[in-house]
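Novice: Attaching a single structure in C-alpha cells format; questions to follow.
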Amino acid sequence: MIPSDVVWQQVITGFTGENAQVSRILFDIRLPRSLFAAMAGASLGLTGLLMQTISQNDLADPYILGVSSGAGAGAVICIVTGLSTMLLGYGVYIGAFVGAALATASVLLLSGRNDNPLRLVLMGIGVSAIFSALTMFAIYAAKDEAQVRSAMFWLLGSLTGIQWKVVPVMMISLVFLMLFCWLYRHELDIMLLGSEEARSLGMSYQRLQRMSVIMASVSAAVVTSIAGVIGFVGLIVPHMARRIGRPDHASMLWVTVLLGALVMVVADALARSLFRPEELPIGILTSFLGAPVFLWIIWRQYAR
C-alpha cells in the first residue's frame, strides 16, 4: 500500500517524482482505474434512474432489460471460443457489447408498439433468462479450465486491468447519457405521471420511452463490456439521491451522478483493501452491500 503522503507528493509533482515505480503505479494503474470507477458509478446510477422512470418501478436497475445477461453471454462465448484474443485484444469488449445490443433489440422487438412499462419489464426478464442459459451452456461446454476461470471472473465484475484506453470510451458514454437526461429532464418528469397523462399533455410517450431504453442500454452495455456485471449500484443510488435532493430530474441528475461516482470509488477501494493482497471482485462487494438496501426498499414499500 502506498502511503498517502507519497500519493500527494506524486500528485503535486504531476507524477514525475523521484520514485519512477510509484509514479508509474499511480499514473498508469491507479488513476485510470479510479477515473473509470467514478464514471462507471455515475453512469450506472443515472441508467438506473432512467430505468426506474420509464418502467415506473422503484426496483428497476440498469440490467432489468437483459443488458447484463446479453453482455455476459457475448463475453463468455468470446472467452471460451478463443475470440477474446482477436480483434486487437478488444474481443471480449466487442462480444459483450454486441450481446447487450442483441438483448436490448430483442426486448424492443418483442414489446412491439405496446408502451406498457410492465410488458417491457416482462420481456426483459424473458430475454435475460435466454441469454443466461446461453452463458451457462458456454461455460459448461468449455474444455479449458483457464477459460472457465476467466469467464467466471469476468461475470463477477472487476476493475482489475483497467487501462487509459477505455477511459475515453467511458467518458463519451457518460457525457451523452447526461446530455440526454438534461435535454429531456422535463419530459422525464411527465413520464412519472403515466402514459395517458403524458399523452394528454402532448408528449410522445412511446418515442421517449424507446429513446430512453436505447440510451440506458447503451450506457449500461459500455460499463458491462469493460468491467463485467456490477450489480445493485444502479438500484440503490437513485434511492439515495431521492432522499438527498428534490424529486425532479433536473436535480436528480447531478445528485445521482455524484453519488454513483462516490459509491463506486469507495467500493473499489474496499475491494482492493479488505482481503489484501488478494482483490475481491467489485461485483461481489456491491452485491453484499446492495442486497440489504434492496430488501429494505421492499420492506418499506409493503410496510406502508
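The values are calculated or read from the model by the stated rules, or taken from the named source; none is laboratory data. Keep in mind that this is a model prediction, so the values were computed, not measured. Cβ sites come from the backbone with ideal geometry, for glycine too, and all protein chains shown count toward neighbours.
One line per residue, one yes/no per condition, for (1) modelled with pLDDT of 80 or more; (2) surrounded by fewer than 19 Cβ atoms within 10 Å (Cβ to Cβ); (3) touching a Leu at 6+ places or on another chain (Cβ under 6 Å):
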position	(1), (2), (3)
27	no, yes, no
72	yes, no, yes
89	no, yes, no
105	yes, yes, no
109	yes, yes, no
113	no, yes, no
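Novice: Let me ask something else. Could you figure out which of (1) touching a Ser or Thr at 6+ places or on another chain (Cβ under 6 Å); (2) crowded, with 19+ Cβ neighbours inside 10 Å; (3) at pLDDT below 90 isn't true of residue 245?
Specialist: Condition not satisfied by residue 245: (2).
Novice: Still on this structure: Tell me, yes or no, whether the range 30-40 has at least one residue that is within 24 Å of residue 266 (Cα to Cα), at pLDDT below 90 and out of contact with any His (no Cβ under 6 Å at 6 or more places or on another chain). Break it down into steps so the answer makes sense when it comes.
Specialist: Of the residues in the range 30-40, the ones within 24 Å of residue 266 (Cα to Cα) are 30-40.
From what is left, the residues that are at pLDDT below 90 are 30-31.
When the remaining residues are screened for being out of contact with any His (no Cβ under 6 Å at 6 or more places or on another chain), the result is 30-31.
Yes: one or more hits.
Novice: Continuing with this model, one more query. Can you pull out the residues in the range 162-185 that are in contact (Cβ under 8 Å) with a residue 24 or more places away in the chain, of a type outside the set (D, E, K, R) and more than 30 Å from residue 29 (Cα to Cα)? Don't jump to the end; show me each part of the working.
Specialist: The first filter runs over the range 162-185 and keeps only residues in contact (Cβ under 8 Å) with a residue 24 or more places away in the chain, leaving 162-164, 166-167, 169-171, 173-174, 176-178, 180-182, 184-185.
Those left that are additionally of a type outside the set (D, E, K, R): 162-164, 166-167, 169-171, 173-174, 176-178, 180-182, 184.
Within the range 162-185, 180, 181, 182, 184 meet the criteria.
Novice: Ok, one more. If you check 196, 145, which single one turns out to be under 19 Å from residue 55 (Cα atoms) and of a type in the set (Asp, Glu)?
Specialist: After ruling out the rest, the residue left standing is 196.
Novice: With 182, 154 as the choices, which residue is surrounded by fewer than 19 Cβ atoms within 10 Å (Cβ to Cβ), hydrophobic (A, V, I, L, M, F, W, C) and in a helix (DSSP H, G or I)?
Specialist: Within the list 182, 154, the selection yields 182.
Here is a yes/no grid of residues against (1) under 22 Å from residue 69 (Cβ atoms); (2) outside any loop (DSSP other than H, G, I, E, B):
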position: 198; (1), (2): no, yes
position: 214; (1), (2): yes, yes
position: 220; (1), (2): yes, yes
position: 246; (1), (2): no, no
position: 259; (1), (2): no, yes
position: 266; (1), (2): no, yes
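Novice: Kindly check whether there is at least one residue in the range 43-50 that is surrounded by fewer than 22 Cβ atoms within 10 Å (Cβ to Cβ), touching a helix residue (DSSP H, G or I) at 6+ places or on another chain (Cβ under 9 Å) and among the hydroxyl-bearing types (Ser, Thr, Tyr).
Specialist: Applying the first criterion (surrounded by fewer than 22 Cβ atoms within 10 Å (Cβ to Cβ)) to the range 43-50 yields none.
Checked the range 43-50: no residue is surrounded by fewer than 22 Cβ atoms within 10 Å (Cβ to Cβ), touching a helix residue (DSSP H, G or I) at 6+ places or on another chain (Cβ under 9 Å) and among the hydroxyl-bearing types (Ser, Thr, Tyr).
Novice: Determine which member of the set 230, 214, 236, 226 is under 18 Å from the mean Cα position of the chain (by Cα), in contact (Cβ under 8 Å) with a residue 40 or more places away in the chain and surrounded by fewer than 20 Cβ atoms within 10 Å (Cβ to Cβ).
Specialist: The conditions single out 214.
Novice: For the range 272-287, what are the residues that are buried (at least 17 other Cβ atoms within 10 Å of the Cβ) and either under 14 Å from the mean Cα position of the chain (by Cα) or more than 18 Å from residue 44 (Cα to Cα) (or both)?
Specialist: Scanning the range 272-287 gives 272, 280, 282, 283, 286, 287.
Novice: Assuming residue 159 fulfils every condition listed in (1) in a helix (DSSP H, G or I); (2) surrounded by 13 or more Cβ atoms within 10 Å (Cβ to Cβ); (3) of a type in the set (A, V, I, L, M); (4) touching a residue at least 40 places away in the same chain (Cβ under 8 Å) apart from one, which condition is it?
Specialist: Condition not satisfied by residue 159: (1).
Novice: Between 80, 107, which is more than 24 Å from residue 168 (Cβ to Cβ), over 19 Å from the mean Cα position of the chain (by Cα) and assigned to a helix (DSSP H, G or I)? Don't jump to the end; show me each part of the working.
Specialist: Details: 107 fails: over 19 Å from the mean Cα position of the chain (by Cα).
Going through 80, 107 in turn, the sole match is 80.
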